[in-house]
């Protein structure tokens, strides 16, 4: 949703973070794989940069807009299988620290994602 506005390197780093996120709990679902594929397609970006250091992430996501975009998309990805795992939360919390965000910020992002998925569910009902 917000990823098309990231530059090429940011997109590659995001996909690496998304991969880290879905692999964190050692339970990769078909839905998670489909979501990463969809995100990659949305951006037109097939490549990823994995295992980026905190310094690289701070440098390549220097502003609030890019950082919030990454967090909203990753929180959405973590919620797509219906399970916020402890391991996925560790990835989110690492980025919270790296990006200088607060617990209240993350709570607000999670609430927004929850509302978005509720709205998607309501829209799906319209097609039945």
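Kindly evaluate residue 78 against the criterion of being at pLDDT below 90, assigned to a helix (DSSP H, G or I) and surrounded by 18 or more Cβ atoms within 10 Å (Cβ to Cβ). Talk me through it step by step, then tell me what you get.
Numbers: at pLDDT below 90: yes; assigned to a helix (DSSP H, G or I): yes; surrounded by 18 or more Cβ atoms within 10 Å (Cβ to Cβ): yes.
Judged against the criteria, residue 78 is a match.
Determine whether residue 32 is farther than 23 Å from residue 102 by Cα and part of a loop (DSSP other than H, G, I, E, B).
no
In the list 62, 46, which residue meets the criterion of being free of Cβ contacts under 8 Å to residues at least 24 places away in the same chain, surrounded by fewer than 18 Cβ atoms within 10 Å (Cβ to Cβ) and under 26 Å from residue 107 (Cβ atoms)?
Details: 46 fails: under 26 Å from residue 107 (Cβ atoms).
Exactly one residue qualifies, and that residue is 62.
Could you figure out which of (1) more than 16 Å from the chain's Cα centre (by Cα); (2) outside any loop (DSSP other than H, G, I, E, B); (3) at pLDDT 95 or above isn't true of residue 100?
(2)
Which one of these is assigned to a helix (DSSP H, G or I) and closer than 24 Å to residue 117 by Cβ: 56, 68?
68
If residue 91 passes every condition in (1) surrounded by 16 or more Cβ atoms within 10 Å (Cβ to Cβ); (2) over 16 Å from residue 3 (Cβ atoms); (3) without any contact (Cβ under 8 Å) to a residue 60 or more places away in the chain but one, which one does it miss?
The one condition residue 91 does not meet is (3).
What's the number of the only condition in (1) within 16 Å of residue 3 (Cβ to Cβ); (2) part of a helix (DSSP H, G or I); (3) in contact with a helix residue (DSSP H, G or I) (Cβ under 6 Å, 6 or more places away or on another chain) that residue 49 fails to meet?
Unmet condition: (2).
The values are calculated or read from the model by the stated rules, or taken from the named source; none is laboratory data. The structure presented is a predicted model; accordingly, all values stated were derived computationally and were not measured. Cβ: placed from backbone, ideal geometry, glycine included. Neighbour counts: every protein chain shown.
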